[in-house]
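Every number here is computed from the coordinates shown, using simple stated rules; none is lab data. Predicted, not measured: the structure shown is a model, and the values here were computed from it. Backbone-built Cβ (ideal geometry, glycine too); neighbour counts: all protein chains shown.
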Amino acid sequence: MSRKIAMAVSAAALLVFLFSLLYPVFLLLSKSLYNGKTFEPYGYIRFLLLGDRFYMGLVNSFLYASIISLGQLVPTVLMSFVLAKFDFKPKKALYLLYIMVFLVPFQVLMLPSHHILDFLGLMGTKGAVCLSQIYLPFGVVFFTQYIKGIPDGIVESAQIDGASASKILTKVILPMSKNILAAIFAIMFVDNWNIMEPVIMFAGESSNYPATVVVREAIEQNSDYIFIAGALCMLLPLTIYLAVKNFIRGNIPWENHEPKE
């Protein structure tokens, strides 16, 4: 009896939690299609005809998300391979450092990032935003655990056959890791699509702003379009997530396991 009560309480708590997550999305979509009196899907068209600022914002959002996410994959793959399959003294300390940086909020890194970007002469450019985010260690923390799940015997067999470290990475590790890399890229893309604070700090001119920042200006011009703008900003990352949700659900390595081929 007590077990049934515990299960009922757990189910009720889960439903409350799911409702708190899904209600804002439902409200956003319903308000974007209903003006308070009638069903009006043509509001999207009128919003898109307001001007080219939102289009430029969408382009900037896509550029930031694509460039930063692809840039993050390169150090993710290289560092994860080194940390997972090479033995050297400071390896554990280096991985612990990555975890610590992963847990540090952007506000802490903002000032040193500003000094570095200013020294490089990149302040006020799109490059400043991209460079400030490329070396974030999110992917390294998770991809390292995945590579650890690949049997050492496979790597040792490749070494016996005379394969170099670069060939082991490109011919063995990467083909076995394409699913998890797709999942990590999708998470990175969605996260970088919603980028805001680095843009405000480092982008400078408003022509460099992504859709998340441009929407605020559109709202100030006409508050009737607040929900439409939000729905449009959500559309692309939601589409990407739906396309790779099985990869994300089945391949995020919380602990060592046999990788899926």
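How many nm is it between the label spots at SER157 and PHE86, if each spot is 7 Å from the Cα in line with the beta carbon?
It works out to 2.4 nm between the two label points.
List every residue whose amide H lies under 5 Å from the amide H of TYR34, counting only residues 5 or more places away in sequence or on a different chain, with H placed 1.01 Å from N in the peptide plane.
It is GLU40, by chain and number.
I want to check the label-to-label distance for ALA93 and TYR34. Put each point 7 Å from Cα in the C-beta direction and report it in nm to one decimal.
6.1 nm
Only counting other Cβ atoms within 10 Å, I'd like LEU78, LEU33 sorted with the fewest neighbours first.
On the way: LEU78 12, LEU33 16.
Fewest-to-most ranking of LEU78, LEU33: LEU78, LEU33.
Any idea how far apart MET7 and GLU205 come out in nm if each label point goes 7 Å out from Cα toward Cβ?
The modelled label-to-label distance comes out at 6.3 nm.
For the stretch 100-235, give the magnitude of the charge dipole about the Cα centre (Cβ charges: +1 Lys/Arg, -1 Asp/Glu; no others), in debye to the nearest 20. Don't skip to the answer; put the middle values down first.
Values: 6 positive and 10 negative charges, 87 e Å.
With only Lys, Arg, Asp and Glu charged at Cβ, the dipole is about 420 debye.
Under 20 Å from a point placed 7 Å out from the Cα of LEU63 along the Cα-to-Cβ direction: which residues of the stretch 114-131 have their backbone N that close?
117-118, 120-131
Holding the Cα-Cα limit at 19 Å, pick out from LYS91/LYS148; LYS89/LYS171; LYS126/LYS178; LYS91/LYS178; LYS148/LYS171 the pairs that are longer than that. All intermediate terms of the calculation are to be shown ahead of the outcome.
Working: LYS91/LYS148 13 Å; LYS89/LYS171 27 Å; LYS126/LYS178 29 Å; LYS91/LYS178 25 Å; LYS148/LYS171 17 Å.
From the list (LYS91/LYS148; LYS89/LYS171; LYS126/LYS178; LYS91/LYS178; LYS148/LYS171), the Cα-Cα distance tops 19 Å for LYS89/LYS171; LYS126/LYS178; LYS91/LYS178.
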